[in-house]
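All remarks here apply to the structure that follows.
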Amino acid sequence: EFASDELKNNEQVVAAAVAQESYALQFASNELKNNQQIVTFAVMMTSNTLEFASDELKNNEEVVTLAVTRNGSALEFASSNLKGNLGVVLAALRDEPSALKYISQEFIVAAVTRHHSHESNPGRKKRRKRQHDTAFLDDTHVPVLDY
């Protein structure tokens, strides 16, 4: 926090600081908050440090998937684009079902609309009841969570 701008932009210094305390990422220079290696290291230690990553890395599917796989609630810090990404959303929900509150509104509306259109199709054959229902997004099947 009190380091000079030069030290906050030194990759070795920031990596050492993050190794000691992952939240030190918040004090790194903007350039290093955009360094995928540094941010990945911080996220591996504490997934919620995604909060301090650059907007570009908050929109990086690899970095965000790593974060939400380790702690689903890290979805809160992902870009709006990735909050609507099926793979990222499912990874977050597998770890932490309460991450549902961070999913993009558009994703939820699309899932519900798609599910409703499949259910209300009168020409469709009845299918037997399953333990859980499924929403359809394009050709991908997404379990509908009952809360």
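The set of residues in region 45-56 that are surrounded by fewer than 22 Cβ atoms within 10 Å (Cβ to Cβ) and under 12 Å from the mean Cα position of the chain (by Cα) comprises Asn48, Glu51. In region 57-76, the residue that is surrounded by the fewest Cβ atoms within 10 Å (Cβ to Cβ) out of those that are more than 16 Å from Ser104 (Cβ to Cβ) and of a type in the set (A, V, I, L, M, F, W, C) is Leu66.
Filtered by the rule that a residue be under 10 Å from Ser104 (Cα atoms), touching a residue at least 24 places away in the same chain (Cβ under 8 Å) and surrounded by fewer than 17 Cβ atoms within 10 Å (Cβ to Cβ), region 77-90 gives a lone residue, Ser80. Each residue in region 15-70 was checked for being within 25 Å of Ser98 (Cβ to Cβ) and not in a helix (DSSP H, G or I), and 4 of them qualify.
Of the residues making up region 10-25, those that are in contact with a helix residue (DSSP H, G or I) (Cβ under 8 Å, 6 or more places away or on another chain), within 12 Å of Val43 (Cα to Cα) and either surrounded by fewer than 17 Cβ atoms within 10 Å (Cβ to Cβ) or outside the structural domain of Asn48 (by TED's automatic domain parsing) (or both) number 2. Considering only region 26-61, state which residues are without any contact (Cβ under 8 Å) to a residue 24 or more places away in the chain and either outside the structural domain of Gly87 (by TED's automatic domain parsing) or under 19 Å from Ser80 (Cβ atoms) (or both). Result: Asn34, Glu56, Asn59. When region 33-44 is examined, which residues are found to be surrounded by fewer than 16 Cβ atoms within 10 Å (Cβ to Cβ) and farther than 12 Å from Val14 by Cα? Passing the criteria: Gln36, Met44. When Gly84, Gly123 are checked against the criterion of being at pLDDT below 95, farther than 30 Å from Ala19 by Cα and outside the structural domain of Ala17 (by TED's automatic domain parsing), a single residue qualifies: Gly123. Taken together, the residues in region 71-109 that are closer than 15 Å to Leu25 by Cβ and either touching a Lys or Arg at 6+ places or on another chain (Cβ under 9 Å) or among the charged types (D, E, K, R) (or both) amount to 1.
The values are calculated or read from the model by the stated rules, or taken from the named source; none is laboratory data. Please read all numbers here as calculations on a predicted model, not as lab measurements. Methodologically, a virtual Cβ is constructed for each residue, glycine included, from the backbone with ideal geometry; neighbour enumeration extends over all protein chains shown.
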